[in-house]
1. Picking from Arg43, Arg88, Arg108, Arg39, which residue would you name as being out of contact with any helix residue (DSSP H, G or I) (no Cβ under 9 Å at 6 or more places or on another chain) and not in a helix (DSSP H, G or I)?
2. Can you tell me which residue among Asp56, Asp81 is open to solvent by less than 100 Å² (accessible area, probe 1.4 Å), among the charged types (D, E, K, R) and over 25 Å from the mean Cα position of the chain (by Cα)?
Amino acid sequence: MLADLTPIPWPQILYVAGGLFGMLGVAGLVLGVIDKAKRVFGRRPPLEAEFASRLDLKEQDQLLKNEMRLLGARLEQQIGDAEITHSRAMNALHEKINKVAEDTAYLRGKIEKRLL
């Protein structure tokens, strides 16, 4: 009943809706261009603030060299300690081998005396 009284003008509604979507698209495009322009032409900090100065790099280089020197000294100390430990272990092993050789010679002598 109500539809009979006021016909809905669909072509005009579609025309207005298309225009509104078009305006939204243009607004989005303009805002996108403004954002990109700010990124391109915006203020930037000076290069000294972005990059470390030569003095900072030299200080870091000296710190790294000192740390490497200390680590090298620690490594040499650990290698020296390992060599000493290895030498002591080898001496203990040779002493045990010599003791076994003496015991074997003693037992061999006892066995030979019994057989003769």
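1. Arg43 is the lone residue from the list that is out of contact with any helix residue (DSSP H, G or I) (no Cβ under 9 Å at 6 or more places or on another chain) and not in a helix (DSSP H, G or I).
2. Asp81
The values are calculated or read from the model by the stated rules, or taken from the named source; none is laboratory data. Not measured: the values here are computed from a predicted model. Cβ sites come from the backbone with ideal geometry, for glycine too, and all protein chains shown count toward neighbours. Surface areas here come from the heavy atoms of the whole protein model, side chains and all, with no ligands, DNA or RNA. Shrake-Rupley method; radii C 1.70, N 1.55, O 1.52, S 1.80 Å.
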